1. Filter the range 81-95 down to the residues that are among the acidic types (Asp, Glu) and either more than 23 Å from residue 119 (Cβ to Cβ) or at pLDDT 95 or above (or both) and list them by number.
2. Does residue 74 satisfy the criteria of being open to solvent by 80 Å² or more (accessible area, probe 1.4 Å) and either over 19 Å from residue 137 (Cβ atoms) or assigned to a loop (DSSP other than H, G, I, E, B) (or both)?
3. Select, from 70, 116, the only residue that is touching a strand residue (DSSP E or B) at 6+ places or on another chain (Cβ under 8 Å) and of a type outside the set (A, V, I, L, M).
4. Looking at residue 6, is it of a type in the set (Asp, Glu) and modelled with pLDDT of 95 or more?
5. Looking at the structure I just gave you, is residue 130 farther than 29 Å from residue 45 by Cβ, of a type in the set (Gly, Ala, Ser) and open to solvent by 40 Å² or more (accessible area, probe 1.4 Å)?
6. What number of residues within the range 7-29 satisfy the criterion of being part of a loop (DSSP other than H, G, I, E, B) and either within 30 Å of the chain's Cα centre (by Cα) or among the hydroxyl-bearing types (Ser, Thr, Tyr) (or both)?
7. Do any residues in the range 114-141 that are within 21 Å of residue 53 (Cβ to Cβ) have Cβ atoms under 7 Å from those of residues that are in a helix (DSSP H, G or I), where the two are at least six apart or on different chains, and which pairs are they?
8. Which residue out of 137, 53 is open to solvent by less than 70 Å² (accessible area, probe 1.4 Å), in contact with a strand residue (DSSP E or B) (Cβ under 8 Å, 6 or more places away or on another chain), under 29 Å from residue 27 (Cβ atoms) and at pLDDT below 95?
Amino acid sequence: MWSDSEAGYDGKHYQLGRTLNSPQSLSRPHPPIMIGGGGEKKTLRLVAKYAQACNLFPGPELAHKLQVLREHCEREGTDFDAIEKTSMYTFDGDVKATIEHLEKLHGLGIQTAIGRVPTNLDLDKLKIIGREIVPAANDLV
């Protein structure tokens, strides 16, 4: 569906009379693929083989998971540095702890932090993120 052809498709699980994807994706040959998870045998191998980005859990195993991904990239012939590494963080209101956490993620090679506020209706926390966390994170780049 990401090609210029609208020819039919007869696969194991799906059959399509016409493979029309309208509008077409803006990036070619396809939109960037992100795979999330930290499974060392399958998930990270699939990241190395197919993905342009991955989302990893921010726990104590993160450095190890990145090393496993690096090894899979070497075996697949993929440029490890070309894969965008992302991770989550939770903002509970502690600005200093959050900035320290983001610095640690950055130091491990995480390029994008995806933030979460436990109660997304808490506008005060969202304002603090915009006013204090985002500028501090921008200084890490």
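The values are calculated or read from the model by the stated rules, or taken from the named source; none is laboratory data. In this text, all values refer to a predicted model and were calculated from it rather than measured experimentally. Using ideal geometry, Cβ is built from the backbone for each residue, glycine included, and neighbour counts are taken over all protein chains shown. Surface accessibility is based on the protein's heavy atoms, side chains included, excluding ligands, DNA and RNA. Shrake-Rupley method; radii C 1.70, N 1.55, O 1.52, S 1.80 Å.
1. Result: 81, 84.
2. On the way: open to solvent by 80 Å² or more (accessible area, probe 1.4 Å): yes; either over 19 Å from residue 137 (Cβ atoms) or assigned to a loop (DSSP other than H, G, I, E, B) (or both): yes.
For residue 74, the condition - open to solvent by 80 Å² or more (accessible area, probe 1.4 Å) and either over 19 Å from residue 137 (Cβ atoms) or assigned to a loop (DSSP other than H, G, I, E, B) (or both) - is met.
3. That would be 116, the only listed residue that is touching a strand residue (DSSP E or B) at 6+ places or on another chain (Cβ under 8 Å) and of a type outside the set (A, V, I, L, M).
4. Against the criterion (of a type in the set (Asp, Glu) and modelled with pLDDT of 95 or more), residue 6 does not qualify.
5. So residue 130 fits the description; yes.
6. So the answer is 15.
7. 115/129; 137/102; 140/102; 140/103; 140/106
8. Working: 53 fails: at pLDDT below 95.
Only one candidate passes the filter, namely 137.
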